[in-house]
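This structure is in structure tokens; I'll ask about it shortly.
The values are calculated or read from the model by the stated rules, or taken from the named source; none is laboratory data. None of these values were measured; they are calculated from a predicted model. Note that we place each Cβ from the backbone using ideal geometry, even for glycine, and neighbour counts take in every protein chain shown. Side chains are part of the model used for accessible areas, which takes the heavy atoms of the whole protein and leaves out ligands, DNA and RNA. Shrake-Rupley method; radii C 1.70, N 1.55, O 1.52, S 1.80 Å.
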Amino acid sequence: MKEMKLVSKRFGKINPLSIDEYVKFDGYKNLKKALKMEKTEIIEEVQNAYLRGRGGAGFPAAIKMMGLAKETNIEKFIICNADEGEPGNFKDRYLMEKDPHQVLEGMIIVAYATGGTKGYIYVRGEYQKSISLLKWSIDEAKKKGFLGENILGSKFSFDIEVRSGAGSYVCGEEFALIESIEGNPGRTRVKPPFPTSVGLHGKPTLINNVETFSTIPSIIEMGGLEFAKIGTPSSTGTKLISLSGNVKNKGVFEIPFGVPIRDVIYKLGGGIENDRKIKMVQLGGACGPIIPEYMLDMVIDFERFEEFESKTGAGAIIVMDERFDLFDILLKVVRFFQHESCGKCTPCREGHIQLANLIIKFIERKATVKDIVSLESLARVIHQASLCGLGQTSPTAIISSLRYFRDDYIDRIEHPEKG
Amino acid sequence: MLKEILKKYAKKDDQLLEILLECQAVKNDHFISKEDIIEIAEYLSIPESKVCSVLSFYTFFSDKPRGKHIIQVCKDIPCYVSSDIDVLKIMEKELGIRVNETTSNKQFTLEYTSCLGCCEAGPVMRINDKIYSHLTADKIKAILSEYRVYM
Amino acid sequence: MVNLVINNVKVAVEANTSILQAAKKYSMNIPTLCYYEDLDIKSDCRVCVVEIEGKKGLVSACSTPAAEGMVVQTNSPRVLNARKTIVELILSNHDTNCTTCVKNMKCELQSLARNLGIDENRFPSVFERCEIDDNNPAIVRNPNLCIKCGRCVDVCNNVQGTSVLAILGRGHETRVSAVFDENLSDDFCTFCGQCASVCPVGAITEKDDTDLVWRALTDPKKHVIVQVAPAVRVSLGEEVEQKIGTIVTGKMVSAMKILGFDQVFDTDFTADLTIIEEGNELIQRVTTGGTLPMMTSCCPGWISYAEQKYPDILDHISSCKSPQQMFGALAKSYYPQKKGLDPKDVFVVSVMPCTAKKYEAKREEMRVDENSPDIDVVLTTRELGKMIKQMGIDFEHLGETPFDSPFGITTGAAAIFGATGGVMEAAIRTVYEVVNKKPLESLDFKELRGLEGIKEAEVNLGGSMVKVAVAHTLSMAKILCDQVRDGTSPYAFIEIMTCPGGCIGGGGQPYGTTNKVRQERIDSIYRLDASMTLRKSHENPEVIELYKDFLKEPLGELSHQLLHTHYHDRKDR
């Protein structure tokens, strides 16, 4: 199998600092095309494409665009969520470092279609290179009239500002992100209302992931219906996969949805280092399920992932070979969320440390059957009762492990002497 | 020095993070002092408690003095499974300090960080703004000596 | 109307009704914890989660609007398990020594755990003990009990605008703290106690001084007298199972006699006295080109706020002490003299709806004898309630007892001090008649009553229409203060009360104070006023007697010595 390069087609082929090279390689061509289209037409193309958010939640982009477009407020914000903090994910970093103008082009098209007046790209503070490149690209784009006042003579004006995060994964959640831009701690807000009605500074706001915006020019290019032919009915188009862990070729690969995970690992990833056996694979990121080797024929598709009571996450695949212990990994997952929880709601704030304590019991072979029950019950409560996506997805790894690695749990209970 | 930094920013609430980032970055001891908080709060006409709240929420910020170079080691899964080495242990040995401590000559502070988004190149660490990847024991020592030279 | 089904019951409610309110309308009370009527919806405790058909996760009933066709279950096994788990999680990070906790039996977390039938905690305690902040005379903060509901931060930031408290840290290290993680101090806190008033557990409470009072009451050498504030008599009933707003004056005095107080006096008396002094001060400023607008000074929370944030306008504030402190000064000078007592044997207690009064009593200016404070102990309404219960008094069946002389006769003007706008209305009733030398047609200034943040009125004084204003809560006070600072204030006289609703909404009042409750207490205050024979401060015969016998004249030398004070610039700490 091969990659299908839509959003990654320019990776390594252009100097990301050069707007001229971008333009030469079909850059801003689709912005020009979009500016000649009706705004409703643009949204229709995105709807036909059935583009779903590429940041993890998979929410249909057209619905967000329609939601924003119908708001009559004069001021509307378009925010690009570049707070890529999900362990195992680095595809947004690639997009920003290797093809920054594509991100801008996508944002400008969406702003035009929805009446957006000001854009922000909220980049995690650790991505200094991305921040610099984006700032540079914005200046270059302005000089050439692709951004700023009266874009390409269309009377449409739009500006983009880059904002830095300061070390908080939870600021990738929509409202936490908005709070952060407003100069507050990144704690989510009560919903409803949702960002498209009351968002940044109380104004209608659309937030999408870097990859989602980067996909927009391709949709304008080929038309929504053509785009929808790629992938599967529930998951159209391509997805950037961040592949890491114990594979020979780590990196970002672009594949159409519907490709089995096994193919990505073996055909694109080159298989396992030192020809070891796969013990487990985490999908999506720290917020994703952990599956065993025999499940790898599963295809990468939003619908499939819903079976895990999860989302695709941002498309990471972390491969772990037989040297690694399930519970060590689960503990790392829980500690990540324990550290990154904003602390606002009870299940997430107080629950992770209890999850960690239970996992440690399994690590130390001091657990009992009652602990499996407690662990499962607590994981489900955090999953169902948390206020935002962090708590709602953080127990996914544990819940999936209880389903697919039950034997490991039983072994720890029945064989305390092995410790 | 803070006054000079503040002048560059509009007196709006949403400038707080950017101000705190710059204020901290220009100081050798990379932290926000009580006096800084008072001055920033006054400049933006926001309560001091709000600045405290933001400062204590984001991991980039410190309210206590730190070393000139902040070393952050990734502790998440991709780096963990990609490593043959324990980066933190090597650092602790080289610097003679434990995690969350600062060397007595105030040159280095050692911290953990959540995933840095460079999982294809692990294990990874960050020193100030720079990211170092594909770490080995030798590479770590070489990087540290570079920083020690420029002290 | 929106039609939905809750627990198989067909429900119809107005649009924009939350599931919580919809269920309540049909007598289904969904348990809550961080929710507090009149405050912002927080949705962070997650106790009120419910199940909605078709939705995978659980949603909080407080924040989710009822929608057409929704099918809600508030007690399904999934919901009950979630709710129990959430409360167990809270308890796992809480000092669960209930029997010795200050909030025992009054704690919302305790009630919740009991109602959910929690008889064991599946989770081990991860609670780490930290220091209690009780370095000030008024408020005690115990972080070991905090459940991070955010109510206190909400009132401090959004209702008062003082932003003393904030949520610091992140994740499990989240904590409610004062600015810079410091202890509360008069550098930045007004001790208004609104935080204590809304705290569901014992994390913030008033400093309990009941032991000091018990000690004095059982000390045969001490002559213990007590004064009771106007607001207490319409609120104390709530502490002893009476209906909200019941006027319990007579029973209250009886109860205090049983507790052992030698004399029970009425702060309303010195409220009348305050009007005489302050009214004359206003007239003097108006006629001699003094600093205007003049601002009231009976609220210690407001005084602290002005000293911290507006020291440049301190000269606008009346130099009159508060009624509490005027009483204290008289209690340690005039009273012992009149009764042939040694002032050192007189122990003065005051019962206030207020926590800031505990701080006020300790101010260094409030000492006739520099070696002892004029007011020895301040108790809140809640503490008095506690003492009544400790004594086992059957409050409902008590007879009525009047206040004692010479500080027992009062007027309706004094009674209304307890409500926002009351001091102003009382002042106008006197000032008008003194200046215009004729009685007011109506004593009722309805435009100064009620819960509106800022209220105004116009009064004809000597032929000129003079504007006055009333503000309650410090965020409203700020608006008027900024005008005074800018020189753009159109008013001659301004009343400021720190607490929402005025003193009846004070930080020391019975728990569960909401706008509805405030309004009921306020209604009782004005009912009390309307029922009194004397309704103007200058007609109080005991006050007239006090001037004749002792003070001689308003703003006279003795008045200045005992009944007036000065303030401090606290801005640069």
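Could you tell me whether any residue of region C:267-287 is farther than 27 Å from C:T513 by Cβ, out of contact with any helix residue (DSSP H, G or I) (no Cβ under 7 Å at 6 or more places or on another chain) and modelled with pLDDT under 95?
Initial filter on region C:267-287 (farther than 27 Å from C:T513 by Cβ): C:273, C:276-287.
From what is left, the residues that are out of contact with any helix residue (DSSP H, G or I) (no Cβ under 7 Å at 6 or more places or on another chain) are C:280-281, C:284-287.
Still in the list and also modelled with pLDDT under 95: C:286-287.
Yes, region C:267-287 has at least one match.
Can you find, within region A:176-187, the residue that is farthest from the other protein chains (Cβ to nearest Cβ) among those that are more than 13 Å from C:R170 (Cβ to Cβ) and buried (at least 24 other Cβ atoms within 10 Å of the Cβ)? Break it down into steps so the answer makes sense when it comes.
Applying the first criterion (more than 13 Å from C:R170 (Cβ to Cβ)) to region A:176-187 yields A:177-178, A:181-183.
Pick out the ones that are also buried (at least 24 other Cβ atoms within 10 Å of the Cβ) and you get A:177-178.
On the way: A:L177: 12, A:I178: 10 Å.
By that ranking, first place goes to A:L177.
Residues in region A:328-338: is at least one part of a loop (DSSP other than H, G, I, E, B), among the charged types (D, E, K, R) and either more than 10 Å from chain C (Cβ to nearest Cβ) or touching a residue at least 60 places away in the same chain (Cβ under 8 Å) (or both)? Walk me through how you get there before you give the answer.
Just the residues of region A:328-338 that are part of a loop (DSSP other than H, G, I, E, B), to begin with: none.
The answer is no; no qualifying residue exists.
Let me spell it out: the conditions are (1) of a type in the set (K, R); (2) over 17 Å from the mean Cα position of the chain (by Cα); (3) surrounded by 24 or more Cβ atoms within 10 Å (Cβ to Cβ), and A:K33 meets all of them except one. Which number is the exception?
Result: A:K33 passes all but (3).
Is region C:431-452 home to any residue that is crowded, with 22+ Cβ neighbours inside 10 Å and among the β-branched types (V, I, T)?
yes
In addition: Which is away from chain A (no Cβ under 12 Å), modelled with pLDDT under 95 and open to solvent by less than 80 Å² (accessible area, probe 1.4 Å), of C:C101, C:C107?
C:C101
Okay, next question. Kindly establish whether C:I30 is surrounded by 21 or more Cβ atoms within 10 Å (Cβ to Cβ) and more than 32 Å from the chain's Cα centre (by Cα).
no
Going through region A:273-291 one residue at a time, which ones are in contact (Cβ under 8 Å) with a residue 60 or more places away in the chain and either within 14 Å of chain B (Cβ to nearest Cβ) or open to solvent by 10 Å² or more (accessible area, probe 1.4 Å) (or both)?
Hits for region A:273-291 are A:M280, A:Q282, A:G284, A:G285, A:A286, A:C287, A:G288, A:P289, A:I290.
Answer with yes or no whether A:R380 is at the interface with chain C (Cβ under 9 Å from one of its Cβ atoms), touching a Cys at 6+ places or on another chain (Cβ under 9 Å) and assigned to a helix (DSSP H, G or I).
Values: at the interface with chain C (Cβ under 9 Å from one of its Cβ atoms): yes; touching a Cys at 6+ places or on another chain (Cβ under 9 Å): no; assigned to a helix (DSSP H, G or I): yes.
Spelling it out, it is not the case that A:R380 is at the interface with chain C (Cβ under 9 Å from one of its Cβ atoms), touching a Cys at 6+ places or on another chain (Cβ under 9 Å) and assigned to a helix (DSSP H, G or I).
Would you confirm, using the coordinates I've provided, whether C:E239 is within 23 Å of C:Y526 (Cβ to Cβ), out of contact with any strand residue (DSSP E or B) (no Cβ under 6 Å at 6 or more places or on another chain) and open to solvent by less than 20 Å² (accessible area, probe 1.4 Å)?
yes
Would you please list the contacts, defined by Cβ atoms under 6 Å and residues six or more apart or on different chains, that run from a residue in region C:516-537 that is of a type in the set (D, E) to a residue that is open to solvent by less than 10 Å² (accessible area, probe 1.4 Å)?
Short answer, once both residue conditions are applied: C:E520/C:G245; C:D529/C:G412; C:D529/C:A415; C:D529/C:I416.
Is there any pair linking a residue in region C:169-186 that is under 14 Å from B:V54 (Cβ atoms) to one that is small (G, A, S) and open to solvent by 20 Å² or more (accessible area, probe 1.4 Å), with Cβ under 6 Å and at least six apart or on different chains, and which?
Cβ pairs passing all conditions: C:G169/B:S56.
Identify the residue in region B:1-19 that is modelled with pLDDT of 95 or more and part of a loop (DSSP other than H, G, I, E, B) and, among all such residues, is farthest from the other protein chains (Cβ to nearest Cβ).
Looking at residues that are modelled with pLDDT of 95 or more and part of a loop (DSSP other than H, G, I, E, B), I get B:K8.
How about region C:374-429: which of its residues are buried (at least 24 other Cβ atoms within 10 Å of the Cβ), of a type in the set (F, W, Y) and assigned to a helix (DSSP H, G or I)?
C:F417 - this is the single residue of region C:374-429 that is buried (at least 24 other Cβ atoms within 10 Å of the Cβ), of a type in the set (F, W, Y) and assigned to a helix (DSSP H, G or I).
Taking the stated definitions as given, is A:K311 modelled with pLDDT of 95 or more, open to solvent by 10 Å² or more (accessible area, probe 1.4 Å) and under 20 Å from A:V170 (Cβ atoms)?
No.
Within region B:20-49, track down each residue that is within 12 Å of chain C (Cβ to nearest Cβ), assigned to a helix (DSSP H, G or I) and open to solvent by 40 Å² or more (accessible area, probe 1.4 Å).
B:K34, B:E35, B:I38, B:E42, B:E48 - these are the residues of region B:20-49 that are within 12 Å of chain C (Cβ to nearest Cβ), assigned to a helix (DSSP H, G or I) and open to solvent by 40 Å² or more (accessible area, probe 1.4 Å).
Does C:L168 count as more than 28 Å from C:V5 (Cα to Cα), surrounded by 21 or more Cβ atoms within 10 Å (Cβ to Cβ) and within 14 Å of chain B (Cβ to nearest Cβ)?
Spelling it out, C:L168 is indeed more than 28 Å from C:V5 (Cα to Cα), surrounded by 21 or more Cβ atoms within 10 Å (Cβ to Cβ) and within 14 Å of chain B (Cβ to nearest Cβ).
When region A:1-22 is examined, which residues are found to be buried (at least 17 other Cβ atoms within 10 Å of the Cβ) and part of a helix (DSSP H, G or I)?
A:I19, A:Y22 - these are the residues of region A:1-22 that are buried (at least 17 other Cβ atoms within 10 Å of the Cβ) and part of a helix (DSSP H, G or I).
Moving on. Looking at A:K370, A:K344, which one is farther than 20 Å from B:P78 by Cα, more than 29 Å from the chain's Cα centre (by Cα) and within 13 Å of chain C (Cβ to nearest Cβ)? Let's see the steps before the verdict.
Values: A:K344 fails: more than 29 Å from the chain's Cα centre (by Cα).
Unique residue meeting the criteria: A:K370.
Tell me which residues, restricted to region A:395-419, are among the acidic types (D, E) and buried (at least 18 other Cβ atoms within 10 Å of the Cβ).
A:D408
Confirm whether C:R485 is farther than 22 Å from C:N540 by Cβ and of a type in the set (D, E, K, R).
Spelling it out, C:R485 is indeed farther than 22 Å from C:N540 by Cβ and of a type in the set (D, E, K, R).
I'm trying to understand the selection: among the residues of region C:1-16, which are touching a residue at least 12 places away in the same chain (Cβ under 8 Å), loosely packed, with under 11 Cβ neighbours inside 10 Å and either closer than 16 Å to C:I30 by Cα or of a type in the set (A, V, I, L, M, F, W, C) (or both)?
C:M1, C:A15
Next up: Going through region A:212-241 one residue at a time, which ones are β-branched (V, I, T) and open to solvent by less than 20 Å² (accessible area, probe 1.4 Å)?
A:T212, A:T215, A:I216, A:I219, A:I220, A:T236, A:T238, A:I241
With the structure loaded, tell me whether C:S125 is within 14 Å of chain A (Cβ to nearest Cβ), surrounded by fewer than 18 Cβ atoms within 10 Å (Cβ to Cβ), polar (S, T, N, Q) and more than 29 Å from the chain's Cα centre (by Cα) or whether it fails that test. Before the answer, list the steps.
Working: within 14 Å of chain A (Cβ to nearest Cβ): yes; surrounded by fewer than 18 Cβ atoms within 10 Å (Cβ to Cβ): yes; polar (S, T, N, Q): yes; more than 29 Å from the chain's Cα centre (by Cα): yes.
Yes; evaluated as a whole, the condition is true for this residue.
Right, another one. Of the residues in region C:460-483, how many are open to solvent by less than 10 Å² (accessible area, probe 1.4 Å) and assigned to a helix (DSSP H, G or I)?
Qualifying residue count for the region: 4.
Select, from A:Q354, A:Q392, the only residue that is open to solvent by less than 10 Å² (accessible area, probe 1.4 Å), at the interface with chain C (Cβ under 10 Å from one of its Cβ atoms), outside any loop (DSSP other than H, G, I, E, B) and among the polar types (S, T, N, Q). Let's see the steps before the verdict.
Numbers: A:Q392 fails: open to solvent by less than 10 Å² (accessible area, probe 1.4 Å).
Just one listed residue meets the conditions, A:Q354.
Taking region A:103-130 as the region of interest, how many residues are within 14 Å of chain B (Cβ to nearest Cβ) and either open to solvent by 10 Å² or more (accessible area, probe 1.4 Å) or not in a helix (DSSP H, G or I) (or both)?
Count: 11.
Could I ask something else about it? Among the residues of region C:76-98, write down those that are open to solvent by less than 30 Å² (accessible area, probe 1.4 Å) and in contact with a strand residue (DSSP E or B) (Cβ under 9 Å, 6 or more places away or on another chain). Explain how you work it out, then say what you get.
Start the filter on region C:76-98 by keeping residues that are open to solvent by less than 30 Å² (accessible area, probe 1.4 Å), which leaves C:76, C:79, C:82-83, C:85-90, C:92-95.
Residues satisfying the conditions are C:S76, C:V79, C:A82, C:R83, C:I86.
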